[in-house]
Amino acid sequence: AYDDIRNLFASQKLSKLRGYKAKHFSFNVDGGRCEKCKGEGEITVEMQFMADVHLECETCKGKRFKKEVLEVHFEDANIDDILSMTIDDAVAFFEKYNQSKIVNKLKPLQDVGLGYVTLGQSSSTLSGGEAQRIKLASFLVKGNTKDKALFIFDEPTTGLHFHDINKLLKSFNALIAKGHSIIVIEHNIDLIKCADYIIDLGLEGGNKGGQLIVQGTPEAVSKDKTSYTAKYLKEKLPS
């Protein structure tokens, strides 16, 4: 979506008058980014025997772009305002101004429960689960493809609210409907109960685990007398 956002800003009247191209609205290349901090918004001070210190860039005040680039607005927002928006806020903003192409590329991020992430957030600050869900969203954007894939997710529900878990499940179902397959390593019963097939390992963790306890459909697994998973799964399934 960032390419489309940069193209949108490059198409504004002030951009055309000043000769700004899409690259001027990227903090990854020379042109419009702050050259003092190289588009980082902060200056890193290396400490030889301590953790590095990160200070807000005095030139751009953390906004990552040159002052003149920030003077270009789409409606009432400049590029820094846009990148500071959460996915949820950005979808609402671009829907308001009929930017359906951008909205369609941001929606899948909402669908996988990432509506709280800001557009300009560094990938290095994302958790493992968030990074997995971004990859999932990228496949949802592609639509139907001839090549089918096997996805392996490691506890993708970590940190998610119950309502966001439902969104994640809908995204999984969307992938399956397109012919893809999914393997999930998970402890969340609300997700486990929706699986087509369960392989339960245990009984305990670490050195006391790793043994195959039971496998089968959720209904079959819930009847096992030794599985810890079965005990809690049974409570979630219709009687």
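If you take all other residues with their beta carbon under 13 Å from the beta carbon of residue 10, and give Lys and Arg +1 and Asp and Glu -1, the sum is +4. The calculated FRET efficiency for residue 76 paired with residue 155, based on their beta-carbon distance and R0 = 30 Å, is about 0.15.
With R₀ set to 45 Å, the beta-carbon distance separating residue 116 from residue 223 gives a calculated FRET efficiency near 0.70.
Extension gain for the segment residue 163 to residue 189, taken as residue separation times 0.36 nm less the Cα-Cα distance, is 7.9 nm to one decimal. Test of understanding: extend the Cα→C-beta vector of residue 215 to 7 Å, then name every residue of the stretch 140-183 with backbone N under 19 Å from that spot. Counting only backbone N, you get 150-154, 181-183. Isolated cysteines of the chain, defined as having no other cysteine beta carbon under 4.7 Å away, are 194. Could you tell me which of rounded, prolate or oblate describes the stretch 1-138, using a ≥ b ≥ c as the square roots of the eigenvalues of the alpha-carbon gyration tensor, with rounded for a/c under 1.5 and, failing that, prolate when a/b is larger than b/c and oblate otherwise? Since a/c reaches 1.5 but b/c is at least a/b, the shape of the stretch 1-138 is classed as oblate.
Here each label is just a point 7 Å from Cα along the line to Cβ, and for residue 180 and residue 59 those points are 4.0 nm apart. For residue 16 and residue 131, a Förster radius of 35 Å and the Cβ-Cβ distance give a FRET efficiency of 0.40, rounded to the nearest 0.05.
Ordered by the count of other Cβ atoms within 10 Å of each Cβ, fewest first, 172, 151 give 151, 172. With neighbour counts taken as other beta-carbon atoms within 10 Å, the residues 97, 20 rank, fewest first, as 97, 20. Counting only residues at least eight positions apart within a chain, or on another chain, the lysines with an alpha carbon under 21 Å from that of residue 107 are 96, 135, 142, 167, 170, 178. Enumerate the helices in the chain for which the Kyte-Doolittle hydropathy averages 0.0 or more and the C-alpha atoms extend at least 20 Å along the helix's axis, using complete DSSP H runs. Long hydrophobic helices here: 128-142, 162-177. Volume of the convex hull of the chain (Cα atoms only), normalised per residue: 175 Å³.
Let me have the 222 nm mean residue ellipticity of the chain computed from DSSP H runs of 4+ only, each contributing -39500 (n - 2.57), with the sum over all residues rounded to the nearest 500.
On the way: 10 runs with 90 residues, N = 239.
Calculated from helices alone, the mean residue ellipticity at 222 nm is -10500 deg cm²/dmol.
The distance separating the Cα centre of the stretch 47-90 from that of the stretch 161-239 comes to 42 Å.
No lab work stands behind these numbers, since they all come straight from the coordinates. Bear in mind the structure is a predicted one, so any value in this text is a computation, not a measurement. FYI the Cβ positions are ideal-geometry reconstructions off the backbone, even for glycines, and counts take in every protein chain you see.
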